[in-house]
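The values are calculated or read from the model by the stated rules, or taken from the named source; none is laboratory data. Please read all numbers here as calculations on a predicted model, not as lab measurements. No Cβ is skipped: glycine too gets one built from the backbone with ideal geometry, and neighbour counts run over all protein chains shown.
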């Protein structure tokens, strides 16, 4: 036969402890459902918290580097476009110099061609001055791009100066004085036109080498961008595995402890009513 002790209602204390425990667990799962995280503070899982912060730091660095790579590709694309525009002008000049080398041209025709080429050379210089990034000239500048999460992950790229006097940064590719009449471009006869053709060929080759180098760097940056995207995604997935909550599981646990809490409250109510039944026997 069970005895009810007035000073120690053991069933009620047991039920009360169960209610307290369920309430605490409900609060934990509510916080996880609200934040979407399994670890909201270090006390939830100190080791997991430290690992998650380290992974988050790495992920942030990788995503910043990815943004830097995209900026680098944009700058290089502008530079490539400028160099290619100069190449188009040089190819036009090549046609004009070959035309001028023909002995059938009259003096007036040679003069007309010469004036056309001078305008084209001025365009080469204009292109040099128009290629800008954030208001600064690209040609003739050196850029240091931070393309990784670590301090030494840098890529330095130098954009060659490219003017009519120094095409592609090559001092031997000087078109401003080709044919040389008073230090100016000249195709006034077949001999000087032939010299001009050679100078233009040198300039085209120099500029082609520069454009090839820019293209190679853009390809490299594309590969770097792909690698950074994959690494950043994998790093973030690993961080999520440590830190983020399994929302379906948390919902199940939340509902389970709600049921346990309600059952505990019912048991507590029943346990508290038992002494009243005993007391009624003495009335």
Note: among 156, 149, 173, just one is in contact (Cβ under 8 Å) with a residue 24 or more places away in the chain, under 26 Å from residue 220 (Cα atoms) and not in a helix (DSSP H, G or I), namely 149
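What residue, of 156, 85, is touching a helix residue (DSSP H, G or I) at 6+ places or on another chain (Cβ under 6 Å) and either in the same structural domain as residue 56 (by TED's automatic domain parsing) or closer than 18 Å to residue 202 by Cα (or both)?
Details: 156 fails: touching a helix residue (DSSP H, G or I) at 6+ places or on another chain (Cβ under 6 Å).
Answer to the selection: 85.
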Cβ pairs under 7 Å, 6+ apart or interchain, first in segment 41-55 and farther than 19 Å from residue 235 by Cα, second part of a helix (DSSP H, G or I), ordered by first then second residue, are 42/49
Requested in this report: Might you check whether a residue that is modelled with pLDDT of 90 or more and within 34 Å of the chain's Cα centre (by Cα) occurs anywhere in segment 113-125?
Outcome: yes
Inside segment 138-163, the number of residues satisfying the requirement of being within 21 Å of residue 213 (Cα to Cα) and either exposed (fewer than 15 other Cβ atoms within 10 Å of the Cβ) or within 23 Å of the chain's Cα centre (by Cα) (or both) is 15
A careful count of residues in segment 188-205 that are touching a strand residue (DSSP E or B) at 6+ places or on another chain (Cβ under 9 Å) and either under 17 Å from residue 119 (Cα atoms) or modelled with pLDDT of 80 or more (or both) gives 1
Sole miss for residue 110 among (1) assigned to a loop (DSSP other than H, G, I, E, B); (2) in contact with a helix residue (DSSP H, G or I) (Cβ under 7 Å, 6 or more places away or on another chain); (3) more than 30 Å from residue 214 (Cα to Cα) is condition (1)
